[in-house]
Amino acid sequence: MRCQDPRQCGQKLIRRQPLKPRKEPVIFLSRHLNIFHLVVLGVGSTLGVGVYIVVGEVALFVAGPAIIVSFLVAALCSVLSGLCYAEFGTRIKWTSSAYRYSYISLGELWAFIAGWNLILSYVFATASVSKAWSYTFDGLIGNHISQALQRAFSQYMPDYLAWYPDFIALAVVLLLTGALVLGARESLLITRVFTGINVLVLIFIILSGFFKGDLHNWKLTEQDYTSITPGSGGISSLGPLGFGGFVPFGLDGILRGAAICFYALVGFDAIVTKEEEALNPRRSIPWSILITIFICFLAYSGVSAALTLMVPYYLIHPESPLPQAFLYIGWDIARYVVAVTTLCALTSRLQSIFFPIPQVIRDMASDGLLFRGLASVFAHTRTPIVAIMSSGNIAGLLALLFKFSDLVDLMSIGNLLVYSLVSFSVLVLRYQPEQTLSKKEEIDISKPEASPSEPVPEARTSRILKTLWFPTSTIPTLKSGQIVYGCTSLLVLLLTILSVILAQWPSQVFSGDPGLTTVAVLLLLLITGVTVIIWRQPKDPAPEYFKVPALPVLPLVSIFVNIYLMMLMTPRTWTQFGIWNAIGFLIYFGYGIRHSLEENDEQQPPASTSQTLDKNTPSPESS
C-alpha cells in the first residue's frame with residue numbers, strides 16, 4: 001500500500017503496537033532468581049572482550065592510564081540507561097527487546113531504527129569478539145599466523161580495511177553459525193563456570209599489577225619518552241604518545257575513551273530478560289543491574305590500573321595486552337594461563353552475543369519490517385535458519401576484513417543509539433494514557449480536533465499555552481501524551497545540537513567565545529523550558545512496577561550523555577554508521593513500510609515463527 005499523501009505517510013511512521021503481548025501460548029515460569037543469581041547472569045554477560053582487549057586499545061591510543069576515569073564515566077552512563085531498562089523490564093513483562101519497547105512507545109520508524117541498530121550492535125560485537133579470539137590464539141603460538149598473513153596480503157589491503165584478512169576469526173564465526181543452525185542452545189552452566197574462572201583470573205591480574213607495578217608509569221615525563229628507541233614515534237613533541245603524566249591525552253582523551261569503553265559495559269540488559277523468573281522484580285531487577293555495573297566497573301578499572309602500572313602505556317600490546325604484560329614483567333607461565341583463560345572467556349562471550357541476533361531479525365521479519373523470508377523456521381531443529389545464516393555470514397565477513405578498532409567503535413555507537421531510544425521510550429510512555437483503544441479509534445483521535453467555538457487565533461494560542469503550563473487533568477490524556485511526545489522530540493534535537501557544539505568546540509565554549517557561548521546558553525534555556533513543560537504534564541499513577549526516579553530529568557540526562565559520547569566518535573565511524581543505517585532505510589522505505597503487520601490488523605505472523613519457537617528461544621537482549 002502506497003502513501004497517498006504526506007499526512008498518511010507520517011501516520012504510518014508513528015503507528016504503535018498496543019501495550020499487550022501478541023497471542024501465543026501462556027507459559028508460567030517459577031520465580032526463583034534472587035539478586036545474587038541475577039548479578040551472576042549480568043556479570044557473565046558483561047565481562048568479556050572489553051577487559052581483555054579493549055583496555056589495551058584505549059590505554060595505548062586514546063586515554064593512557066586515565067582509562068580508569070574513562071571506565072568511570074562509561075559506568076555512570078550505563079547506570080542511567082540501566083535504570084530505564086529496569087522500568088521497561090518490570091512494566092512490559094512479555095518482552096525484553098529495545099525494538100519492541102520502541103514500537104510500543106515511539107512508533108514504527110523508531111522501532112525499526114532500534115531493531116536495525118540492535119542487529120548492528122550484535123553483529124559487530126560478534127565480529128569483534130571473534131577477532132579478539134583470533135588475536136589471543138595467535139599470540140599464544142607466537143604470532144606466526146598474523147605475521148605470515150600480513151606478509152602475504154598487506155600490500156593488497158586498502159587503508160580502510162584490516163592489514164590482513166583474519167581467517168581464524170572467520171572460521172570461529174562460521175563454526176558458531178553452524179552450531180546454531182543445528183539447534184544449539186546457550187548453556188547457562190558454561191556461562192556460570194566461565195564467569196567464575198573469569199573473575200578469579202581477573203583478581204589474579206589485579207593483584208599482580210599492584211605487586212609488580214611501578215607508580216612511575218603514571219607519572220611519565222618527556223624525558224621518559226626520549227629514551228624510546230628511534231622510530232617508535234613522539235620523541236620531542238610526543239605526538240601520538242600524548243603529553244605524559246596520568247592523563248597524557250587530556251580531558252578529550254578521557255571522554256573519547258569513555259565512548260569506546262561503553263562497549264565493555266554492554267550486557268547488563270540480560271538481567272531484564274529474566275523478569276518472569278525473578279523474585280520481587282520491582283526490587284531485584286534494578287538492584288541487580290546497579291550491582292552488575294558496579295562489579296564490572298571495579299573489574300575493568302582494576303585491570304586497567306594493573307596493566308598501566310605493569311607496562312608504560314605506550315608499550316602496551318594492542319592485540320594481546322594482558323599476556324604480553326606478563327611477558328614484559330618476566331612471568332612467562334602467568335602469560336599462558338591468562339591467554340588460555342582469555343580464550344575461554346571469549347568463547348563464552350561469543351555464544352551470549354551471537355545467539356540473540358536471529359531472534360531480533362525474526363521479530364522484525366515477523367512484523368513485516370524486514371523481508372518475511374528471514375522469519376522462516378527449519379522444522380527439524382526449530383531454528384530461524386535464514387536469519388542465522390545471514391547474520392553469521394555478515395559477522396564472518398566483517399571479522400575477516402575489518403579492523404578491530406572499527407568494529408568496537410561501531411558496536412559502541414550502535415548501543416549508545418539504542419540506549420538513547422530506550423530512555424526516550426521510558427519518558428514518553430510514562431506520560432501516555434492507558435492504551436485501551438482499538439486501532440480505528442486510535443487513528444481517529446490522533447487527528448487534530450476541530451474547535452469551532454474558538455475561531456480567533458489569539459484565543460486558541462492562549463488556550464494552548466495555558467494547557468502546557470496548567471494541564472486540565474490529573475491523569476494522562478491523549479492531548480498530554482502528544483505534548484510530551486512533541487516536547488521530547490524537540491529536546492532530542494536541542495540536546496543533539498548542544499552535544500555537537502560541546503564535542504567539537506569545547507575550549508571555545510568554556511573560554512567565553514561570544515558566538516558559541518551565546519548559542520550554548522540559549523540552548524540550555526530552551527532545554528530547561530521544554531523540560532519544565534514535560535514536568536508539568538500528568539504522569540501514569542500505576543504503582544505496580546519499578547519507576548525511574550527524577551522524571552523527566554534522569555532519562556533526559558541519559559539521552560544527553562549518550563548523544564554526547566556518540567558525537568565524540570571519529571568521522572570514520574560516523575561514515576560507516578551512516579552507510580549501515582542508509583541500507584536500513586532503503587529496506588524499510590522500500591519494503592517494511594508497505595508490509596508491516598501494523599498496516600493491516602488482520603495479518604498475523606507466520607505460524608512457523610509464532611508457534612514453533614518455544615520459551616527457551618534466546619531473548620534479543622540476552623547478551
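Here is the figure for the range 151-196: residues that are modelled with pLDDT under 85 and over 30 Å from residue 571 (Cβ atoms) total 18. Scanning the range 506-516 for residues that are free of Cβ contacts under 8 Å to residues at least 12 places away in the same chain and surrounded by 16 or more Cβ atoms within 10 Å (Cβ to Cβ) yields a count of 1.
Conditions (1) modelled with pLDDT of 90 or more; (2) out of contact with any His (no Cβ under 7 Å at 6 or more places or on another chain); (3) hydrophobic (A, V, I, L, M, F, W, C); (4) within 20 Å of residue 294 (Cβ to Cβ), marked per residue:
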residue: 11; (1), (2), (3), (4): no, yes, no, no
residue: 22; (1), (2), (3), (4): no, yes, no, no
residue: 26; (1), (2), (3), (4): no, yes, yes, no
residue: 46; (1), (2), (3), (4): no, yes, no, yes
residue: 51; (1), (2), (3), (4): no, yes, yes, yes
residue: 54; (1), (2), (3), (4): no, yes, yes, yes
residue: 74; (1), (2), (3), (4): yes, yes, yes, yes
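Kindly indicate whether residue 357 is farther than 27 Å from residue 104 by Cα and out of contact with any Asp or Glu (no Cβ under 7 Å at 6 or more places or on another chain). Here the answer is no, as residue 357 does not meet what is asked.
For residue 140, are the conditions met, namely being within 17 Å of residue 394 (Cβ to Cβ), surrounded by 15 or more Cβ atoms within 10 Å (Cβ to Cβ) and not small (Gly, Ala, Ser)? Here the answer is no, as residue 140 does not meet what is asked. The requirement of being open to solvent by 10 Å² or more (accessible area, probe 1.4 Å) and free of Cβ contacts under 8 Å to residues at least 40 places away in the same chain is satisfied by residue 315.
Residue by residue, here is whether (1) buried (at least 20 other Cβ atoms within 10 Å of the Cβ); (2) over 30 Å from residue 80 (Cβ atoms); (3) of a type outside the set (Phe, Trp, Tyr) holds:
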position	(1), (2), (3)
252	no, no, yes
268	yes, no, no
275	yes, no, yes
290	no, no, yes
293	yes, no, yes
332	no, yes, yes
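Beta carbons closer than 8 Å, at least 6 apart along the sequence or on distinct chains, never pair a first residue in the range 243-260 that is in contact (Cβ under 8 Å) with a residue 12 or more places away in the chain and of a type in the set (S, T, N, Q) with a second that is open to solvent by 30 Å² or more (accessible area, probe 1.4 Å) and assigned to a helix (DSSP H, G or I).
Quick check, is residue 71 touching a helix residue (DSSP H, G or I) at 6+ places or on another chain (Cβ under 6 Å), assigned to a helix (DSSP H, G or I) and aromatic (Phe, Trp, Tyr)? Criteria met by residue 71. Would you confirm, using the coordinates I've provided, whether residue 271 is part of a helix (DSSP H, G or I), within 18 Å of residue 70 (Cβ to Cβ), in the same structural domain as residue 327 (by the TED database) and under 15 Å from the mean Cα position of the chain (by Cα)? Taking the combined requirement at face value, the residue does not satisfy it. The one condition from (1) within 30 Å of residue 363 (Cβ to Cβ); (2) open to solvent by 40 Å² or more (accessible area, probe 1.4 Å); (3) out of contact with any helix residue (DSSP H, G or I) (no Cβ under 7 Å at 6 or more places or on another chain); (4) at pLDDT 70 or above that residue 436 does not meet is (4).
Here is the figure for the range 127-137: residues that are in contact with a Ser or Thr (Cβ under 8 Å, 6 or more places away or on another chain) and either open to solvent by 50 Å² or more (accessible area, probe 1.4 Å) or outside the structural domain of residue 52 (by the TED database) (or both) total 1. Being open to solvent by less than 20 Å² (accessible area, probe 1.4 Å), assigned to a helix (DSSP H, G or I), of a type in the set (D, E, K, R) and touching a helix residue (DSSP H, G or I) at 6+ places or on another chain (Cβ under 7 Å), is that true of even one residue in the range 159-167? No: the range 159-167 contains no residue that is open to solvent by less than 20 Å² (accessible area, probe 1.4 Å), assigned to a helix (DSSP H, G or I), of a type in the set (D, E, K, R) and touching a helix residue (DSSP H, G or I) at 6+ places or on another chain (Cβ under 7 Å).
Pairs linking a residue in the range 297-312 that is farther than 20 Å from residue 328 by Cα and in the same structural domain as residue 59 (by the TED database) to a residue that is aromatic (Phe, Trp, Tyr) and assigned to a helix (DSSP H, G or I), with Cβ atoms under 8 Å and 6 or more positions apart or on different chains, are 297/71; 300/71; 301/71.
Listed here are the residues, each with its yes/no results for (1) open to solvent by 10 Å² or more (accessible area, probe 1.4 Å); (2) not in a helix (DSSP H, G or I).
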residue	(1), (2)
326	no, no
336	yes, no
339	no, no
363	yes, no
368	no, yes
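If you go through the range 564-576 and keep only what is surrounded by fewer than 21 Cβ atoms within 10 Å (Cβ to Cβ) and either within 9 Å of residue 416 (Cβ to Cβ) or of a type in the set (Val, Ile, Thr) (or both), you end up with 569, 570, 573, 575. Taking the criterion of being modelled with pLDDT of 90 or more and open to solvent by 50 Å² or more (accessible area, probe 1.4 Å), the residues of the range 450-499 that qualify are 490, 493, 497.
The values are calculated or read from the model by the stated rules, or taken from the named source; none is laboratory data. On a predicted model such as this, the values are computed, not experimentally measured, just so you know. FYI the Cβ positions are ideal-geometry reconstructions off the backbone, even for glycines, and counts take in every protein chain you see. Only protein heavy atoms, including side chains, enter the accessible area calculation; ligands, DNA and RNA are left aside. Shrake-Rupley method; radii C 1.70, N 1.55, O 1.52, S 1.80 Å.
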